[in-house]
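The values are calculated or read from the model by the stated rules, or taken from the named source; none is laboratory data. In this text, all values refer to a predicted model and were calculated from it rather than measured experimentally. Reconstructed Cβ throughout: ideal geometry from the backbone, glycine too, with neighbour counts over all protein chains shown.
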Amino acid sequence: MQNDLQTMAGGGPAKVHAGFPDQTLVPVYGHTLTPLGINDGDTLVVDSALQAGSNDLLIAWRGGDTIICRQYQLESADRPWGVIIASIHNYR
């Protein structure tokens with residue numbers, strides 16, 4: 001596992017339809033994001049319309065993989081998908 005890049009696996013995103021057309025809910029599986037305060041079973045709220053700042057967390061495509069990284073960690077071939085704006089933590 002790399003400290004500067006976290007990989008998210010499994011589960012498909014679900015569109016949010018409550019007046020927020022650019023926001024998507026993405027489930028988190030695994031424990032690689034725990035150092036960032038994002039836990040297994042949490043749900044990320046991703047906004048595909050926001051322009052990312054250098055320290056924002058993003059979901060992007062790298063090769064055939066979905067990755068979570070900071071804006072400044074993107075490589076030239078990466079395809080950013082959206083800015084993570086919230087993490088919904090599950091207690092049960």
In the stretch 53-61, is there at least one residue being at positive phi, modelled with pLDDT under 90, in contact with a strand residue (DSSP E or B) (Cβ under 9 Å, 6 or more places away or on another chain) and not β-branched (Val, Ile, Thr)? no
Complete set of residues in the stretch 17-56 that are polar (S, T, N, Q) and farther than 21 Å from Pro80 by Cβ: Thr34, Asn39
Working only within the stretch 34-92, note down all residues that are among the small types (Gly, Ala, Ser) and part of a loop (DSSP other than H, G, I, E, B). Gly37, Gly41, Ser48, Ala49, Ala52, Gly53, Ser54, Gly63, Gly64, Ser76, Ala77
Take the conditions of a type in the set (A, V, I, L, M), out of contact with any Cys (no Cβ under 7 Å at 6 or more places or on another chain), crowded, with 17+ Cβ neighbours inside 10 Å and at pLDDT 90 or above and apply them to Ile88. Does it pass? no
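Okay, residues lined up against (1) of a type in the set (Val, Ile, Thr); (2) modelled with pLDDT under 65:
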| site | (1), (2) |
| --- | --- |
| Met1 | no, yes |
| Thr7 | yes, yes |
| Gly10 | no, yes |
| Lys15 | no, yes |
| Ala18 | no, yes |
| Thr24 | yes, no |
| Leu36 | no, no |
| Asn39 | no, no |
